[in-house]
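The values are calculated or read from the model by the stated rules, or taken from the named source; none is laboratory data. Values in this document were obtained by computation on a predicted structure and should not be read as measured data. In this analysis, Cβ positions are derived from the backbone assuming ideal geometry, glycine residues included, and neighbour counts consider all displayed protein chains.
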Amino acid sequence: MPCEALLAPKLQHFVWDFSFLFAEHWDAFGIAERDWLLKFAQLAISRKFALRKIEIIFSPSTEEDDDINALWEQLEDNWPWDMMDEVRDAVSPHVEVKYIDPITREKFMELVNEYRLWAGANGRSQ
């Protein structure tokens with residue numbers, strides 16, 4: 001959907017909730033979503049619209065992914081919260097971008113390492 005379709009001159013607070021009806025998957029916030037959100041915010045800024053705050057609700061679970069190692073390989077260069085940071089940094093101070101980082105990259109890497117140890121001890125491929 002073009003960002004122009006959702007942008008309104010008096011819109012002050014935009015919430016993008018990825019958890020509506022079901023838990024979101026790790027790849028739900030990627031490069032395309034980052035680019036869309038950045039364009040949305042920059043368009044509001046350039047048109048001097050009222051947008052002052054963007055809130056992103058994104059908290060995927062590590063419980064449902066059997067192969068956390070493969071997940072890490074997929075996310076290593078496209079960590080969702082790094083991309084949210086890019087949007088935040090690009091539109092600040094005009095628009096505040098808020099989100100909760102439910103798991104840090106470091107904590108996720110700990111889970112990957114634990115998985116690798118478990119997989120090796122149980123004869124599973126890593």
> Any chance region 29-45 includes a residue that's small (G, A, S), over 18 Å from D85 (Cα atoms), loosely packed, with under 14 Cβ neighbours inside 10 Å and modelled with pLDDT of 95 or more?
Replying inline: no
>> I need the full set of residues from region 12-28 which are surrounded by 14 or more Cβ atoms within 10 Å (Cβ to Cβ) and over 21 Å from I103 (Cα atoms), in order please.
In response: F14
>> Conditions first: (1) aliphatic (A, V, I, L, M); (2) out of contact with any strand residue (DSSP E or B) (no Cβ under 7 Å at 6 or more places or on another chain); (3) surrounded by 14 or more Cβ atoms within 10 Å (Cβ to Cβ). A5 passes all but one, so which condition is the exception?
In response: (3)
> Here are some residues: A119, A70. Which one is more than 30 Å from L38 (Cβ to Cβ), modelled with pLDDT under 75, surrounded by fewer than 16 Cβ atoms within 10 Å (Cβ to Cβ) and among the aliphatic types (A, V, I, L, M)?
Replying inline: A119
